[in-house]
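Trainee: Below you will find the structure I want to go over with you.
The values are calculated or read from the model by the stated rules, or taken from the named source; none is laboratory data. Just so it is clear, the model here is predicted, and its values are computed rather than measured. Here the Cβ positions follow ideal geometry from the backbone for every residue, glycine too, while neighbour counts run over all protein chains shown. Side chains included, ligands, DNA and RNA excluded: accessible areas come from the protein's heavy atoms. Shrake-Rupley method; radii C 1.70, N 1.55, O 1.52, S 1.80 Å.
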Amino acid sequence: MDFKNKIVIVTGGAQGIGRCIAEEFGKRGATVCVIDKQQGDHFVGDLADKQVLEQFAKDVIEKHGHVDYLINNALPLMKGINECSYEEFQYALSVGVTAPFYLTKLFAPHFAKGAAIVNISSSRDRMSQPQTESYTAAKGGIAALTHALAVSLAGKVRVNSISPGWIDTSYTIYEGSDAIQQPAGRVGNPLDIANMVLFLCSDKAGFITGENICIDGGMTRQMIYHGDNGWTLNQTDNE
């Protein structure tokens, strides 16, 4: 896949999955514009701040004139109902849902022909651990936002989302139960997500829009009962 002369925006692109996505686009000739609150050689700012989003969009358009691909990747805050305050919950939604919506709105007049948006959701959009409400709500929100935008931008921009499962950003190789709980037999890494992002932005995915693709090694498809795959119920887990 050749992305020479393409303008790509990656939110939360300074580390982890976002950094991998940015690097993979760069290897294929794209010009990548990263926004992240972490300090570095990119646009530094908080995605929860409306003025930051407006300034970032203005800078991109002034420098490049158009946008080919928008990758909404930035991580929202993860806190549960016991500890998450009203303000923290609102912040998570601002980063995880409002920012992708507003950036899409700001760039809408500037998307080039064949443009695509890829939103990074999570397998938590369909399952949860305890005390993860702010993150899970944001990831569920961006998954729903995806198909809404796909319909509104029909004929102009393709919009899809990816729901990663367990992705180890340090590329650690896991064995035993950590690995076999995924039917694929391993824990994922950022390239598993980046490769799909590039595919969804390419012409090869020209007939795909409004979709959410779960990349979790099959974990959310595997039913596990007491005694399955070496897993046993410890009654104290429910206490």
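Trainee: Among residues other than THR132 whose Cβ falls under 9 Å from its Cβ, what is the net charge (Lys/Arg +1, Asp/Glu -1)?
Mentor: On the way: positive: LYS79, ARG124; negative: GLU133.
That works out to +1.
Trainee: What do you get when you divide the Cα radius of gyration of the stretch 118-186 by 2.2 N^0.38 Å, with N the number of residues?
Mentor: Details: Rg = 15.2 Å, N = 69, 2.2 N^0.38 = 11.0 Å.
Relative to the rule-of-thumb radius for its length, the stretch 118-186 sits at 1.38.
Trainee: Might you report the magnitude of the Cβ-based charge dipole of the stretch 104-239 about its Cα centre, with Lys and Arg at +1 and Asp and Glu at -1, to the nearest 20 debye? Let's see the in-between values first.
Mentor: Values: 10 positive and 12 negative charges, 180 e Å.
About 860 debye.
Trainee: Rounded to two decimals, what ratio of Rg to Rh does the chain give with C-alpha atoms and a Kirkwood Rh?
Mentor: Numbers: Rg = 18.4 Å, Rh = 18.6 Å.
Rg divided by Rh gives 0.99.
Trainee: Add +1 for every Lys or Arg and -1 for every Asp or Glu among the other residues with Cβ under 15 Å from the Cβ of ASN5, and state the total.
Mentor: Values: positive: LYS4, LYS6, LYS27, ARG28, LYS63, LYS113; negative: ASP2, ASP68, ASP203.
Around ASN5, the charge tally is +3.
Trainee: While we're here: Report, to one decimal in Å, the Kirkwood hydrodynamic radius for the stretch 10-80 based on all distinct Cα pairs.
Mentor: Values: mean 1/r = 0.0790 Å⁻¹.
Final number for the Kirkwood radius of the stretch 10-80 is 12.7 Å.
Trainee: A further question follows. For the chain, calculate the relative contact order in percent as a whole number, restricting contacts to Cα pairs under 8 Å that are 6 or more residues apart.
Mentor: Values: 462 pairs, mean separation 42.9, N = 239.
This gives 18 percent for the chain.
Trainee: Test of understanding: express the Cα radius of gyration of the stretch 40-102 as a ratio to 2.2 N^0.38 Å, with N the residue count. Please report the intermediate quantities before stating the final value.
Mentor: On the way: Rg = 13.8 Å, N = 63, 2.2 N^0.38 = 10.6 Å.
Compared with the compact-globule rule of thumb, the stretch 40-102 sits at 1.30.
Trainee: So which chymotrypsin sites (Phe, Trp or Tyr not before Pro) in the stretch 62-143 pass both tests, a DSSP loop state and at most 13 other Cβ atoms within 10 Å of the Cβ?
Mentor: Numbers: sites: TYR69, TYR86, PHE89, TYR91, PHE101, TYR102, PHE107, PHE111, TYR135; in loops: none.
Counting only loop positions with at most 13 other Cβ atoms within 10 Å, none of the chymotrypsin sites (Phe, Trp or Tyr not before Pro) in the stretch 62-143 qualifies.
Trainee: Grab the alpha carbons of the stretch 132-239, take their convex hull, and tell me the volume per residue in Å³.
Mentor: Working: hull volume 15.0 nm³, N = 108.
About 138 Å³ per residue, rounded to a whole number.
Trainee: Still on this structure, I have one more. Mind checking the full-extension length gain between ASP178 and ARG28? Use 0.36 nm per residue of separation minus the Cα-Cα distance, one decimal, nm. Walk me through the numbers on the way to the answer.
Mentor: On the way: separation 150, 0.36 × 150 = 54.00 nm, distance 3.32 nm.
Separation in residues times 0.36 nm, less the Cα-Cα distance, equals 50.7 nm.
Trainee: Show me the three semi-axes of the equivalent ellipsoid for the stretch 10-50, from the C-alpha gyration tensor (sqrt of 5 times each eigenvalue), largest first, rounded to whole Å. Provide the component values of the computation, followed by the final result.
Mentor: Details: eigenvalues 71, 18, 14 Å².
Largest first, the stretch 10-50 gives 19, 10, 8 Å.
Trainee: Can you give me the % of accessible surface on the chain that is carbon or sulfur? Probe 1.4 Å, all protein chains present, nothing else counted. Kindly include the intermediate steps, with their values, before the conclusion.
Mentor: Details: 6530 of 12650 Å².
In the chain, the share of accessible area belonging to carbon and sulfur is 52 percent.
Trainee: Can you compute the modelled spin-label distance between ALA148 and LYS113, with each label point 7 Å from Cα toward Cβ, in nm?
Mentor: Output for this residue pair reads 3.1 nm.
Trainee: Can you tell me the dipole magnitude for the chain around its Cα centre, using point charges on the Cβ only (Lys, Arg +1; Asp, Glu -1), in Debye to the nearest 20? Before the final figure, lay out the partial values.
Mentor: Numbers: 20 positive and 26 negative charges, 209 e Å.
Charge dipole, the chain, about its Cα centre: 1000 debye, nearest 20.
Trainee: In square angstrom, what is the accessible area per residue of the chain with a 1.4 angstrom probe? Before the final figure, lay out the partial values.
Mentor: Working: 12650 Å² over 239 residues.
Accessible area per residue, the chain: 53 Å².
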